[in-house]
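The values are calculated or read from the model by the stated rules, or taken from the named source; none is laboratory data. The model shown is predicted, which means the values in this text are computed figures rather than measured ones. For neighbour counting, all protein chains shown are included, and Cβ atoms are generated from backbone atoms with ideal geometry for every residue, glycine included. The area values use the complete protein model at the heavy-atom level, side chains included, leaving out ligands, DNA and RNA. Shrake-Rupley method; radii C 1.70, N 1.55, O 1.52, S 1.80 Å.
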Amino acid sequence: MRTRTFGRTGRAVSEIGFGAWAIGASWGQVDDTAAKQALHAALDAGVTFIDTADVYGDGHSEQLIAGVLKERGERPYVATKAGRRLPKQVVEGYSLENLTGWIERSLRNLDVETLDLVQLHCPPTDLYYHAEVFGFLDRLKAQGKIRDYGVSVERVEEALKAIEFPGVVSVQIIFNIFRQRPAGLFFEQARKRDVAVIARVPLASGLLSGKFRSDTTFEDTDHRQFNRNGEAFDVGETFSGVPYEVGLKAVDRLRPLVGGDTTMARFALRWILMFDAVTVAIPGARTPEQAKSNAAAAALPPLPDEVMGELQRIYDEDIRPHVHARW
Ligand SMILES: NC(=O)c1ccc[n+]([C@@H]2O[C@H](COP(=O)([O-])OP(=O)(O)OC[C@H]3O[C@@H](n4cnc5c(N)ncnc54)[C@H](OP(=O)(O)O)[C@@H]3O)[C@@H](O)[C@H]2O)c1
């Protein structure tokens, strides 16, 4: 497994990480045994970066991770998030008292003395104009409760504003073949400040695995069913905000480009790793087979220029009109 340096922290992390939302909740039924096996498979394959959040399964994802790491006696880099426990997303909710409470809960769930990384979990845009919140995080860092902090954002503009705060070591943002805007606007700035970039939703919620069809159905408890139109949270988190049928059509255009004996999922992950500014891509995996297969993307050779150009063309023609102005 190849590694990249996690920005100013200096920590080496695997290029492919593990997104632990799916093993917590909102993806239909995932039993704990399968979830743990998926995480074990990722770690066996050399993954050393795990992304979770205090709200995934209301702490269940964090607890599962703690259990697996205890069994293995390993300490990979574990990034969690805070902020979504608020009943309503308002800047005043990000008080020192609330942040302290959420962070202490994550410390208990993850069973550690210090959290490696806490990311503000897609807070309201206005928060990035409230320096005091970053001051609170500095205090929690000084108290030794967190080693570092970063942000998880919906929009490129939020990412650009967030990295003005010198304590922000990382930005998590949706970046995949169907979400190319961060590359043009944000990556250069992140590199200049040595900010780590975590590429989330790298498979566009599984769409970029190429396995879905028009008649594919999802469980009622799967956000790909209940959040198709943004009913529960930002619609951009589900299929990257690309209308399902539009995505399927574009996926059909991608199929002939996936060369050799690789899978479309690995191809999609390798595309992300073509960008040096990306530190780690964090595919979610619900089975050990998916986790193992995804980790293998790091070993693929670089994609040829013609393929990169064709992927840009497909994005510009089919996808861009649906996402580029929004996120
Ligand atoms: N606001 C935020 O900060 C935020 C929001 C969203 C996500 N995230 C983070 O980003 C991570 C990744 O995003 P995501 O999980 O939403 O989406 P994703 O990684 O784009 O898609 C994950 C889904 O794709 C399918 N899949 C994975 N590997 C596959 C493979 N090899 N072959 C075929 N299908 C495969 C699985 O679904 P099925 O098997 O069910 O089809 C899996 O649950 C999350 O786990 C979470 O850690 C953060």
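Residues being without any contact (Cβ under 8 Å) to a residue 60 or more places away in the chain and not β-branched (Val, Ile, Thr): count how many of those fall in segment 26-53. Going through segment 26-53 one residue at a time, the tally reaches 4. If the condition is being out of contact with any helix residue (DSSP H, G or I) (no Cβ under 9 Å at 6 or more places or on another chain) and in contact (Cβ under 8 Å) with a residue 60 or more places away in the chain, then segment 120-140 contributes only 121.
Could you say whether any residue in segment 91-108 is touching a residue at least 24 places away in the same chain (Cβ under 8 Å), within 16 Å of the ligand (Cβ to nearest atom), within 21 Å of residue 203 (Cβ to Cβ) and out of contact with any Leu (no Cβ under 6 Å at 6 or more places or on another chain)?
no
Considering every residue within segment 60-71, establish whether at least one is basic (Lys, Arg) and within 11 Å of the ligand (Cβ to nearest atom). For segment 60-71, residues basic (Lys, Arg) and within 11 Å of the ligand (Cβ to nearest atom): absent.
Scanning segment 220-235 for residues that are out of contact with any helix residue (DSSP H, G or I) (no Cβ under 9 Å at 6 or more places or on another chain) and within 12 Å of the ligand (Cβ to nearest atom), we see that the one that is least open to solvent (accessible area, probe 1.4 Å) is 222. Only one of the numbered conditions (1) within 21 Å of the chain's Cα centre (by Cα); (2) in a helix (DSSP H, G or I); (3) modelled with pLDDT of 95 or more is violated by residue 198, and that is (2). Of the residues 86, 115, 99, 107, the single one that is hydrophobic (A, V, I, L, M, F, W, C), touching a Gly at 6+ places or on another chain (Cβ under 7 Å) and either modelled with pLDDT of 95 or more or under 18 Å from residue 137 (Cβ atoms) (or both) is 86. Say whether the condition of being on the phi > 0 side of the Ramachandran plot and assigned to a helix (DSSP H, G or I) is met by at least one residue in segment 61-84. No, that holds for no residue.
Each row is one residue, and each column tells you yes or no for (1) touching a Lys or Arg at 6+ places or on another chain (Cβ under 8 Å); (2) closer than 28 Å to residue 189 by Cβ.
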position: 18; (1), (2): no, yes
position: 31; (1), (2): no, no
position: 45; (1), (2): yes, no
position: 50; (1), (2): no, yes
position: 64; (1), (2): yes, no
position: 67; (1), (2): yes, no
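Okay, residues lined up against (1) among the aromatic types (Phe, Trp, Tyr); (2) more than 22 Å from residue 15 (Cβ to Cβ); (3) away from the ligand (no atom under 12 Å from the Cβ):
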site: 136; (1), (2), (3): yes, yes, yes
site: 139; (1), (2), (3): no, yes, yes
site: 145; (1), (2), (3): no, yes, yes
site: 150; (1), (2), (3): no, no, no
site: 161; (1), (2), (3): no, yes, yes
site: 168; (1), (2), (3): no, no, yes
site: 176; (1), (2), (3): no, no, no
site: 188; (1), (2), (3): no, no, yes
site: 197; (1), (2), (3): no, no, yes
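Scanning segment 138-172 for residues being assigned to a strand (DSSP E or B) and either of a type in the set (Val, Ile, Thr) or open to solvent by 10 Å² or more (accessible area, probe 1.4 Å) (or both) gives a total of 7.
Annotation note: Cβ proximity below 7 Å between a residue of segment 284-297 that is in contact (Cβ under 8 Å) with a residue 12 or more places away in the chain and a residue that is among the small types (Gly, Ala, Ser) and within 7 Å of the ligand (Cβ to nearest atom) (sequence gap 6+ or interchain) occurs for 284/19; 284/22; 285/22; 286/22; 291/285; 293/265; 294/265; 294/285.
With the structure loaded, tell me whether residue 26 is open to solvent by less than 60 Å² (accessible area, probe 1.4 Å) and within 11 Å of the ligand (Cβ to nearest atom) or whether it fails that test. Considered against the rule, which asks whether it is open to solvent by less than 60 Å² (accessible area, probe 1.4 Å) and within 11 Å of the ligand (Cβ to nearest atom), residue 26 comes out as yes.
In this structure, does residue 208 turn out to be in contact with a Pro (Cβ under 8 Å, 6 or more places away or on another chain), within 23 Å of residue 36 (Cβ to Cβ), within 14 Å of the ligand (Cβ to nearest atom) and of a type in the set (A, V, I, L, M)? Break it down stepwise before answering.
Numbers: in contact with a Pro (Cβ under 8 Å, 6 or more places away or on another chain): yes; within 23 Å of residue 36 (Cβ to Cβ): no; within 14 Å of the ligand (Cβ to nearest atom): yes; of a type in the set (A, V, I, L, M): yes.
The answer is no for residue 208.
The set of residues from segment 39-56 being more than 9 Å from the ligand (Cβ to nearest atom) and either in contact with a Ser or Thr (Cβ under 6 Å, 6 or more places away or on another chain) or farther than 19 Å from residue 174 by Cα (or both) comprises 39, 40, 41, 42, 43, 44, 45, 46, 47, 48, 49, 54.
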